[in-house]
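Below you'll find the structure, written out as structure tokens, and then a few comments.
Throughout, read-outs are computed from the coordinates displayed, never taken from laboratory work. As the structure is a prediction and not an experimental result, all values here were calculated from the model. Glycine gets a Cβ as well: all are built from the backbone with ideal geometry, and neighbour counts include every protein chain shown.
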């Protein structure tokens, strides 16, 4: 299976490497890393990944995996990447988003009728983009699978493995990577922490200028709704064009040739 992992400046490393550790072990997996250019791509914590392809060279993948970012808004303005996702994703067998990576699919106008999950800090911005958001850790909707924040990418990859190859391989790969979570603290959900911890987390996510971030979120929300409307209009136009085509004329079946009589014998 041809797999395209999308990378862009500021992506979150574990959003990429978590699913990669699972999906790269699939039988016959051919993994590529697609970016807008072939320059090295630096993640939000400094890890650098070398692209293997750009949108012009990647061809048609069967699976696209889009990681999220601690700073999810700048990539939504990458028209080259958003346009490629809008063009390539409908032809994929599966599509996947980890964390805020769902925002790129929304910006491409592909999540209008779907329910997805995302990082808890990005749920409201994603809703502002016209998307139905679930708090679940992993969500399937049609051919799209989405994972919540960061570490949920491993859960997503194992769930996708079960769908594609069956439970035996999914359980085997879970054992191979020794994925047996036993977190030292019960603090992985905003509903489980105190107000002080939540404020500190929001400060890390939003930075020192939350109002500016809110304004950008609103602008991208409007853009995503317009993209969704354009995608719906294109789909409707295609359906109307197909319906307006005249039905092909059916040819009548060929007539069977009349039976021929042999020469009559004269009586003696």
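Divided by 2.2 N^0.38 Å, where N counts the residues, the Cα radius of gyration of the stretch 72-156 comes to 0.97. For the stretch 27-93, place one equal point scatterer on every Cα, skip the solvent, and apply the Debye formula. What is log10 of I(q)/I(0) at q = 0.15, 0.23 Å⁻¹? Log-scaled intensity ratios, in q order: -0.52, -1.20.
Could you order the peptides 127-135, 61-69, 95-103, 112-120 from most to least packed, using the average number of other C-beta atoms within 10 Å per residue? Spell out each step's value before the answer.
Values: 127-135: 18.6, 61-69: 25.6, 95-103: 30.1, 112-120: 21.2.
The most tightly packed comes first, giving 95-103, 61-69, 112-120, 127-135.
Please report the antiparallel percentage of the DSSP beta bridges confined to the stretch 2-236, to the nearest 5. Here the share of antiparallel DSSP bridges comes out near 25 percent.
With the largest listed first and rounded to whole Å, the semi-axes of the equivalent ellipsoid of the stretch 2-236 from the Cα gyration tensor are 24, 23, 17. If R₀ is 25 angstrom, what is the calculated FRET efficiency for the pair residue 48 and residue 175, using the beta carbon separation as r and rounding to 0.05? FRET efficiency, residue 48 to residue 175: 0.25.
Working out 0.36 nm times the residue gap between residue 124 and residue 13, then minus their Cα-Cα distance, what length gain in nm do you get to one decimal? Let's see the in-between values first.
Numbers: separation 111, 0.36 × 111 = 39.96 nm, distance 2.31 nm.
Once the chain is fully extended between residue 124 and residue 13, it gains 37.7 nm.
A straight chain from residue 136 to residue 194 at 0.36 nm per residue would run longer than the Cα-Cα distance by 18.8 nm. Over the stretch 1-150, what is the relative contact order in percent, taking alpha-carbon pairs closer than 8 angstrom and at least six residues apart? Contact order relative to length: 21 percent. With both labels modelled 7 Å from their Cα along Cα-to-Cβ, the residue 93 to residue 113 distance reads 2.4 nm. The distance from the alpha carbon centre of the stretch 1-65 to that of the stretch 119-167 is 18 Å, rounded to a whole number. Label-to-label distance for residue 25 and residue 204 is 2.7 nm, based on points extended 7 Å past Cα in the beta-carbon direction.
Cβ-to-Cβ counts within 10 Å put 73, 81 in ascending order as 73, 81, the fewest first.
Neighbour counting of Cβ atoms within 10 Å sorts the residues 179, 20, 105, fewest neighbours leading, into 179, 20, 105.
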